[in-house]
Amino acid sequence: MATKVLSVLALIAAILEGLWPGMVPQNLLPLALVVLGLIYAGMNVDPDDAGAYLIGVIAFGAASASDVLGHIHVIGGFLDAIMDQIVVAAYAGVFSVVALRIWNELTASDDSE
């Protein structure tokens, strides 16, 4: 249930910031997207088996960087702006996964003894 709430909140924040940038003062929506991305990935992605998540984020970020949706007539620019904001949350999730992976490696018990 919490993951659905986080996903919906991230989508709403991405739509608002993508369609009306700067609508919320002091850039709070991009900050909210980063926090939501950190929490979502920290809760849902297994840091030891995060390959599929990380590859998906790379592909999604590459599509966003190339403005691929901008070629759709009339609404493409809007969709691309929304996707750019979703990628912000996804990249924050990558940081969360990497940080958890490092933490797990540092705190792992040494079974070789």
- line: With the dipole of the chain defined by +1 on each Lys or Arg Cβ and -1 on each Asp or Glu Cβ, the option from 23, 83, 47 whose Cα lies farthest towards the positive pole is 23
- prompt: Taking other Cβ within 10 Å of each residue's Cβ, how do 109, 96 sort, fewest first?
  reply: 109, 96
- prompt: From the Cα gyration tensor of the chain, with a ≥ b ≥ c the square roots of its eigenvalues, which class applies: rounded if a/c is under 1.5, or else prolate if a/b is larger than b/c, or else oblate?
  reply: prolate
field: Calculated FRET efficiency for the pair residue 26/residue 62, C-beta based, R₀ 25 Å, to 0.05
entry: 0.25
- line: Here the relative contact order (percent) of the chain, from C-alpha pairs under 8 Å and at least 6 apart, is 37
- prompt: Per the helix-only calculation at 222 nm, which mean residue ellipticity applies to the chain, given -39500 (n - 2.57) for every DSSP H run of n ≥ 4 and division by its residues, nearest 500 deg cm²/dmol?
  reply: -25000 deg cm²/dmol
- line: About its Cα centre, the stretch 2-107 carries a charge dipole, from +1 on Lys and Arg Cβ atoms and -1 on Asp and Glu Cβ atoms, whose size in debye to the nearest 20 is 200
message: Just want the ordering: 68, 74, 45, from fewest to most Cβ atoms lying within 10 Å of their own Cβ.
response: 74, 68, 45
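None of the figures in this text is laboratory data; all of them are computed from the coordinates on show. All values derive from a computational prediction rather than experimental measurement. Every residue, glycine among them, receives a Cβ derived from its backbone with ideal geometry; neighbour counts consider all protein chains shown.
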